[in-house]
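Structure first, then comments.
The values are calculated or read from the model by the stated rules, or taken from the named source; none is laboratory data. It should be emphasised that the depicted structure is a prediction, and the values quoted were computed from it without experimental measurement. No Cβ is skipped: glycine too gets one built from the backbone with ideal geometry, and neighbour counts run over all protein chains shown.
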Amino acid sequence: MTNQATLPFLWKIGAPAGQGVMVTSLAMSKIATRSGLDIFDYSEYPSLIQGGHNTVEVLINLDQPTASKQLIDCLVCLDEKTFLHHQHRFHKDTLVVFDPKQFEPKTKSTKIALPLQEILVDLKADRIMLNMIALGASVALLDGEIKLVHQMITDQFGKKSAAVANKNIECAQAGFDYVWQQYQELVKPVLSRGKKPVPTLSSPVMTGNEVFSFSAAAADCRFFAAYPMTPASSILGSLAGWQSQTGMVVRHAEDEIGVINEALGASFSGARAAVATSGGGFALMVESISYAGIAELPIVVFLSQRPGPATGMPTWTEQGDLLFACHAGHGEFPKIVLAPGDHKEMLDLTLKAFDLADQYQTPVIVMSDKFLSESHRSVDYLTIKKASQMKIDRGKTITSTNQKPYLRYTNTSDGISPRLIPGQPGIFYQANSYEHFADSHTTEDAAARIVQVDKRTKKQTTYLKKDFHLPQVIGDLEQAKIVFVSWGGNKGPIEAARNLLAAKKINSAFLHFTHVFPLDEQKIRPLFKADKQYLLVENNATGQFGQLLRQQTGVTIEEKILKYDGRPFYPEEIAAAVTTIVKNTKHLK
Amino acid sequence: MVTAQDLTGYQPTWCSGCGNWSIGRAIINSLVEQKLDPSSLVVLFDIGCSGNMNDFVNAYAMHTLHGRSIANAVGVKLANHQLPVLVVAGDGAIYGEGGNHFLHACRGNHDITVLVHDNSVYGLTTGQVSPRAQKGHKSKSTPTGIIETPVYPLPLAITQGATFVAQAFAGNLPELSKLITAGMKHTGFSMINILQPCVTFNKINTFQYYLKHQYQLDSSHDPADYQQALEVANKPKEEKFPIGIIYQVDKPSYHEQIPALNQPLINQPHRENLVNLLTQFQ
């Protein structure tokens, strides 16, 4: 065994679509977590079921890695394409696993010839089980325990068929044994470096979408509707699968217009309701967002972005819909947009989104993107357990009233009127899409119009006063010369980039915005000081948060690091961009 | 004791002679007969002259976006299936703008009653053709006559899974009230296509036209017979309009097939022991 300390360690697997790399990589992520380590993983795949090329990379580290890294430490190539697409990310010690029957990689890195086909034939196993041989071999190379692989396979296939599980275990064992027999000296102490003892309730390995789903159920969301759209689709699957435990009604409706209107109907009836979609589906929902605005119906919209316009690049990532989300809906009405930066924030802000929707009786949008939605992280068990037991707060939602006649849209100092859940005898009112009087009847009266517009607008003022959060300041804002400004899933890569910069003696701070709309000018402006270099980091082409910040607060950020090729940021890219900026800027040297 | 007065809101703004007057009255009569006061049901009013009934009929209500009333109704019902749900909409909303919701609500057999005011025109936007307009109908949007053939909602609803399909005439108030009651008492998706003269913008499908072309279904018609129902439902293609219950069968409605809805969704306790969901991720 080599004695190099190689954490964080980046393991990556690639194969033609349909070869099960998602299953294999998730098994690797869980094995690492069960070994007492934390992971971050990210998958890339085209919008095809077969015939494309899929890859997943798993970063393994001791404490909560926040992003991947550029240099690959172990690449498992189930085809030559994997090698060709990734050789530029090798270092001299990268382990390159391949089947010599398939191809011979031309590389100076460390080659691990694994006779996948031969083992498969020897064991009379199905072709699909190639990935299990690769998994066994990988766990051996990373000095992990084979019993964890056995457990994982039993968990995965045991319920369906013991014979299938056993065959998979045989394959994994064969890959594992082969490495220990032929490449013992190359085994790296990675999985063996986990914290001991491993807690019996190990960290759940979850995607951002799975955290949203869990959090929605914990927030007592009772009605969820969606129409499948990458990268939000898996939420529909999770919540539909959990119905018997959660009691939630989950609808796969005919289209996104049906989706949001069903949810608004359920919301009117008194159920907490949510929908999930991506940009194209959200576009179809927009008119109804406006209905929720005037009728003052609570609704949570989960919007997971992918590169547009139109169908764009369905399975890739981008932050191109921020301004669209903030300005969605015709007419003027308050709206709250939250943007979690990681899985923990997804948990907290989803819970908060449901409370805010009820409290402000208006749409609340939770922004994500493919990067955050589909990357796995080890989420601390106790944190998620505690969050799931939080009390919910429905604000001025009422089940009975003494007010006669009941005025649904009565004017109040905070703009929020008590919302009666329909059903109380002797009362009736309407959720009116037309402008209305306080009693909810339609009106076109000028004075009444002004009263209701002002009332709804006041809700925004109340929100800014009571529930708006300033950006999280990461690092020391006073000391730093460089200050990152960003939002959403860039948080992880920027955190990792700050560490890389610190190693080069570049001190940076980071303003991470989560409450992205509306913004509070008075509170935000003091965070921007003349003697610092602010850098806007966004996964889009036009710096949309920068535009929003200028619109809402008057703050302008000149220097931008933008990426819009469908790929998320790597920390190294951000660090390199900063290094260049520092070099070219006199007062920063 | 529920009275017509309890259910009556503002004075309507419909044109004199408009079919909506009698439809509005028929709805109130039916609700009185069913002893449903304004607090004991939810009505979804779509957009159009028909939807403007939102201020004329008292009830817990949503005055929805154009074409979306059925989708809202599906959610209203699933969240609280104890309250009867009635949709009041026009042929433009249900067969045009909201056609997709209509098809899929039939398939789902959602327990809602949809009243479609079928006057072949868009009255509120001053008389453009609706999807029900006869081929050749000239209007502001089709000055040389509409090229498309009309939507035929009756066979459409029957073939897509609706379990109660009826047709009524706005000029026959007692029969219309009876059909509304029958539709609301039916468990599952019920739709009543109501032939409604638009006195202002439709000079073809007039009161006289409908009187001449309609016929009352009698006891020889068996609404449970799918083939017979389809045959009758296709009669409007020959400008013969059957009046009465065309098709009715008993099938479980959507909410009855959701095990969790043994009590209304909004009355269920907040489930707290969700950490068990996490084991699949470990």
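Some observations on this one:
- Any hit, region B:91-103, residues being more than 21 Å from A:Ile421 (Cβ to Cβ), among the acidic types (Asp, Glu), within 11 Å of another protein chain (Cβ to nearest Cβ) and assigned to a loop (DSSP other than H, G, I, E, B): no
- Single match in B:Val74, B:Val88 (criterion: of a type in the set (A, V, I, L, M, F, W, C), assigned to a helix (DSSP H, G or I) and within 13 Å of chain A (Cβ to nearest Cβ)): B:Val74
- Considering A:Ile31, A:Ile72, A:Ile13, the condition of being in contact with a helix residue (DSSP H, G or I) (Cβ under 8 Å, 6 or more places away or on another chain) and within 14 Å of chain B (Cβ to nearest Cβ) is satisfied by A:Ile31 alone.
- When region A:21-58 is filtered for residues that are among the basic types (Lys, Arg) and farther than 19 Å from A:Pro189 by Cα, nothing remains.
- Pair list, Cβ < 6 Å and 6+ apart or interchain, from region A:383-397 residues that are at the interface with another protein chain (Cβ under 7 Å from one of its Cβ atoms) to residues that are not in a helix (DSSP H, G or I) and not small (Gly, Ala, Ser): A:Ser388/B:Leu274
- Residue check, A:Ser417 under 23 Å from B:Leu44 (Cα atoms), hydroxyl-bearing (Ser, Thr, Tyr), touching a Phe, Trp or Tyr at 6+ places or on another chain (Cβ under 9 Å) and facing chain B (nearest Cβ under 9 Å): no
- Looking only at region A:217-231, residues that are more than 25 Å from B:Ile70 (Cβ to Cβ), buried (at least 24 other Cβ atoms within 10 Å of the Cβ) and either among the hydroxyl-bearing types (Ser, Thr, Tyr) or more than 10 Å from chain B (Cβ to nearest Cβ) (or both) come to 1 in all.
- Within region A:270-285, being more than 8 Å from chain B (Cβ to nearest Cβ), closer than 24 Å to B:Ile266 by Cβ and either β-branched (Val, Ile, Thr) or touching a Phe, Trp or Tyr at 6+ places or on another chain (Cβ under 7 Å) (or both) holds for A:Arg272, A:Ala274, A:Val275, A:Ala276.
- Residue that is outside any helix (DSSP H, G or I) and not assigned by TED's automatic domain parsing to the domain that holds A:Pro309, where the choices are A:Val582, A:Val537, A:Val578: A:Val537
- Pick from region B:22-35, criterion within 14 Å of B:Gln5 (Cβ to Cβ) and among the hydrophobic types (A, V, I, L, M, F, W, C), ranking: farthest from the other protein chains (Cβ to nearest Cβ): B:Val32
- Residues located in region B:38-67, provided they are closer than 11 Å to B:Ala4 by Cβ and within 8 Å of chain A (Cβ to nearest Cβ): B:Asn58
- Test: A:Arg251 is within 8 Å of chain B (Cβ to nearest Cβ) and either among the hydroxyl-bearing types (Ser, Thr, Tyr) or over 14 Å from B:Leu274 (Cα atoms) (or both): yes
- Residues of region B:2-38 satisfying the condition of being crowded, with 18+ Cβ neighbours inside 10 Å and polar (S, T, N, Q): B:Asn20, B:Ser22, B:Asn29, B:Ser30
- Residue pairs whose Cβ atoms lie under 7 Å apart, sitting 6 or more positions apart in sequence or on different chains, and linking a residue in region A:413-428 that is outside any loop (DSSP other than H, G, I, E, B) to a partner that is aliphatic (A, V, I, L, M), are A:Arg419/A:Ile398; A:Leu420/A:Ile398; A:Leu420/A:Ile427.
- When residues in region A:1-25 are screened for being surrounded by fewer than 21 Cβ atoms within 10 Å (Cβ to Cβ) and part of a helix (DSSP H, G or I), 2 of them pass.
- Looking only at region B:35-56, residues that are in contact with a Gly (Cβ under 6 Å, 6 or more places away or on another chain) and among the aliphatic types (A, V, I, L, M) come to 1 in all.
- Restricting the first member to region B:262-282 and to residues that are farther than 17 Å from A:Ala216 by Cβ and more than 7 Å from chain A (Cβ to nearest Cβ), and the second to residues that are surrounded by 14 or more Cβ atoms within 10 Å (Cβ to Cβ) and polar (S, T, N, Q), the beta-carbon pairs closer than 6 Å and six or more apart or on different chains are B:Pro264/B:Asn80.
- Test set (1) part of a loop (DSSP other than H, G, I, E, B); (2) surrounded by fewer than 19 Cβ atoms within 10 Å (Cβ to Cβ); (3) not hydroxyl-bearing (Ser, Thr, Tyr) - A:Gln181 fails condition number: (1)
- Candidate set: region A:430-450, residues that are facing another protein chain (nearest Cβ under 7 Å) and part of a loop (DSSP other than H, G, I, E, B); chosen: the one nearest to the chain's Cα centre (by Cα): A:Ser433
- Within region A:316-410, helices (runs of 4 or more DSSP H) holding 1 or more residues that are acidic (Asp, Glu): A:343-360, A:370-374
- Filter result for the condition that a residue is in contact (Cβ under 8 Å) with a residue 24 or more places away in the chain, farther than 30 Å from A:Tyr434 by Cα, within 14 Å of chain B (Cβ to nearest Cβ) and assigned to a helix (DSSP H, G or I), over A:Ser234, A:Ser267, A:Ser244, A:Ser288: A:Ser234
- Qualifying positions in region A:367-382 - within 10 Å of chain B (Cβ to nearest Cβ) and under 15 Å from A:Thr350 (Cβ atoms): A:Val379
- Some residue of region A:367-378 being under 21 Å from A:His330 (Cα atoms) and buried (at least 17 other Cβ atoms within 10 Å of the Cβ): yes
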